[in-house]
Amino acid sequence: EAQVTQNPRYLITVTGKKLTVTCSQNMNHEYMSWYRQDPGLGLRQIYYSMNVEVTDKGDVPEGYKVSRKEKRNFPLILESPSPNQTSLYFCASSLSFGAGANVLTFGAGSRLTVL
Amino acid sequence: ILNVEQSPQSLHVQEGDSTNFTCSFPSSNFYALHWYRWETAKSPEALFVMTLNGDEKKKGRISATLNTKEGYSYLYIKGSQPEDSATYLCASTYFNKFYFGSGTKLNVKP
């Protein structure tokens, strides 16, 4: 089944403890991206990747890192999490950016709480 | 940052009612306009992508139109059913990025 898989789905952690949220897709998609969703706000793009070894900042990259060493994987790294990073996170991918016209396939979401 | 706005924030309708909502985006910076359907406890799923002024797309009882010159898109649901209850998100794309609105939450009462 074609899908985007995120782990963990739920995580409670403490301030400053490094964590990684993994994202993997099995559709050979070039474009991958991370979003956070907070109440009253739309999905905000954190980072995106056009292809392997090509990553760039979205609108809210502060406090996050990413890497794209393989086409299928795009982990989100929080080096020193803070309570303001408590949020619902989605990973999504598409065939390519395609001038913005290729639809995104979303993972199931990861709910992160930082105490 | 592109400002994408959706209205209304929420909508309560009776089963069988037809409804529509709006997505506004900057017309000067436009690549494509996406609509997604997001059910509670699930992940957003794509409904439509439109790129050309005047585009119209239809999937069953749901349809969408696009006006790139004035910067808006409408999503229509004909004869709403309880299973249409969800949050509907629109997104405008520009220069490798996606910009989402905050969504319209639709509740259809039986």
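Brief remarks follow.
- Loop-located trypsin sites (Lys or Arg not before Pro) in region B:43-91, at most 10 other Cβ atoms within 10 Å (DSSP): B:Lys69
- Rg to Rh quotient for region B:1-44, alpha carbon positions, Kirkwood Rh: 1.03
- With all protein chains in place and a 1.4 Å probe, the accessible surface of chain A carries 52 percent carbon and sulfur.
- For chain B, convex hull of alpha carbons as volume per residue, Å³: 91
- The protein assembly as shown, accessible area per residue, ligands and nucleic acids excluded (1.4 Å, Å²): 48
- Every pair of different Cα atoms in the protein assembly as shown enters the Kirkwood calculation, which places the hydrodynamic radius at 17.9 Å.
- Distance between the C-alpha centres of region A:70-109 and region B:65-110: 21 Å, rounded to the whole angstrom.
- FRET efficiency, A:Asn73 to A:Glu1 (Cβ-Cβ, R0 30 Å, nearest 0.05): 0.95
- Computing FRET efficiency as 1/(1 + (r/R0)^6) for A:Met50 and A:Thr13, where r is the C-beta to C-beta distance and R0 is 35 Å, gives about 0.70.
- Partner aspartates and glutamates for A:Lys18 [C-alpha distance under 12 Å; skip if fewer than 8 residues away on the same chain]: A:Glu79
- Under 19 Å from the B:Asn29 label point (7 Å along Cα→beta-carbon), backbone N, region A:35-70: A:35-36, A:42-50, A:56-62
- Estimated FRET transfer efficiency when R0 is 30 angstrom, pair B:Lys69-B:Asp17 (beta carbons, to 0.05): 0.50
- Pairwise burial A:B, computed as accessible area of each alone minus the pair, summed, 1.4 Å, Å²: 1800
- Between the C-alpha center of region B:26-44 and that of region A:11-26 there is a gap of 25 Å.
- Descending Cα extents along the principal axes, region A:5-115, whole Å: 39, 30, 22
The values are calculated or read from the model by the stated rules, or taken from the named source; none is laboratory data. Since this is a predicted model, take the numbers as computed values, not measurements. Ideal geometry is used to build each Cβ from the backbone, glycine not excepted, and the neighbour counts take in all protein chains shown. Just so you know, the surface numbers come from the protein's heavy atoms only, side chains and all, with ligands and any DNA or RNA stripped out. Shrake-Rupley method; radii C 1.70, N 1.55, O 1.52, S 1.80 Å.
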